[in-house]
Amino acid sequence: AQSVTQPDIHITVSEGASLELRCNYSYGATPYLFWYVQSPGQGLQLLLKYFSGDTLVQGIKGFEAEFKRSQSSFNLRKPSVHWSDAAEYFCAVGAGGATNKLIFGTGTLLAVQP
Amino acid sequence: DVKVTQSSRYLVKRTGEKVFLECVQDMDHENMFWYRQDPGLGLRLIYFSYDVKMKEKGDIPEGYSVSREKKERFSLILESASTNQTSMYLCASSGTTEKLFFGSGTQLSVL
């Protein structure tokens, strides 16, 4: 069965420090992978997605993620975190196609210290 | 920009009440989804619809039903609300790409 694991429930980083949020997936075929961000009181916004091709994908707000098939991982990174990046981050996996049904991880809550 | 609008931001209902959560999207998207979000559990898919009058169960459909009479509107129905249905409910839509567009959510409290 499809599943997504985000092992870190809560992460705190200092402003300006680098960030890596972990995501591992279980999927039988080539997955479609996504990272979404949810700011307080808001819905989810797509940061980036991977379907095929280059395994390093760039997203909005300076985020990037790397697909590693051998490790079943799709970790999200940012070289320098800003206070406005404080939010909850969700990794998701899907089959793509017409219905776009996604399975989400449990989320990682990011706090940014000044 | 795509807009997905959920009719209520906060809703308080009593146990046993029938509850309707409404969602409207303005981009002529074929697919619409209802998720619930609970701390530590992430988002779990309740139901989705890929066309008018078409629906499929997600991972946690028990206690819920849905209605899609028009393409732009997807309603989630709690036939008899229970306290364990207290949650944040998120509606989403998507078109021909895999990108989901989310509403701001409805925080439902069942007392």
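The values are calculated or read from the model by the stated rules, or taken from the named source; none is laboratory data. Everything numeric in this text was worked out from a predicted model, so none of it was measured. Cβ sites come from the backbone with ideal geometry, for glycine too, and all protein chains shown count toward neighbours.
Answer yes if at least one residue in the range B:68-85 is under 20 Å from A:CYS91 (Cα atoms) and of a type in the set (Ser, Thr, Tyr), and no otherwise. Within the range B:68-85, none of the residues are under 20 Å from A:CYS91 (Cα atoms) and of a type in the set (Ser, Thr, Tyr).
Kindly indicate whether A:VAL13 is buried (at least 16 other Cβ atoms within 10 Å of the Cβ) and either assigned to a loop (DSSP other than H, G, I, E, B) or within 14 Å of chain B (Cβ to nearest Cβ) (or both). Steps first, answer last, please.
Numbers: buried (at least 16 other Cβ atoms within 10 Å of the Cβ): yes; either assigned to a loop (DSSP other than H, G, I, E, B) or within 14 Å of chain B (Cβ to nearest Cβ) (or both): no.
Criteria not met by A:VAL13.
Here B:ASP28 fulfils each of the conditions (1) within 29 Å of A:THR5 (Cα to Cα); (2) modelled with pLDDT under 95 apart from (1).
Quick grid of which residues meet (1) surrounded by 19 or more Cβ atoms within 10 Å (Cβ to Cβ); (2) over 28 Å from B:PHE48 (Cβ atoms):
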site	(1), (2)
A:ILE9	no, no
A:THR30	no, no
A:LEU33	yes, no
A:GLU66	no, yes
A:SER73	no, no
A:SER80	no, yes
A:TYR89	yes, no
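Would you be able to tell me the number of residues in the range B:75-101 that are facing chain A (nearest Cβ under 9 Å), at pLDDT 95 or above and over 18 Å from B:GLY58 (Cα atoms)? Count: 0. Only one entry in B:VAL24, B:VAL19 is in contact with a strand residue (DSSP E or B) (Cβ under 9 Å, 6 or more places away or on another chain) and under 19 Å from B:THR97 (Cα atoms), namely B:VAL24. The listed residues are A:SER18, A:SER3, A:SER70, and the only one of them that is of a type in the set (Ser, Thr, Tyr) and modelled with pLDDT of 95 or more turns out to be A:SER18.
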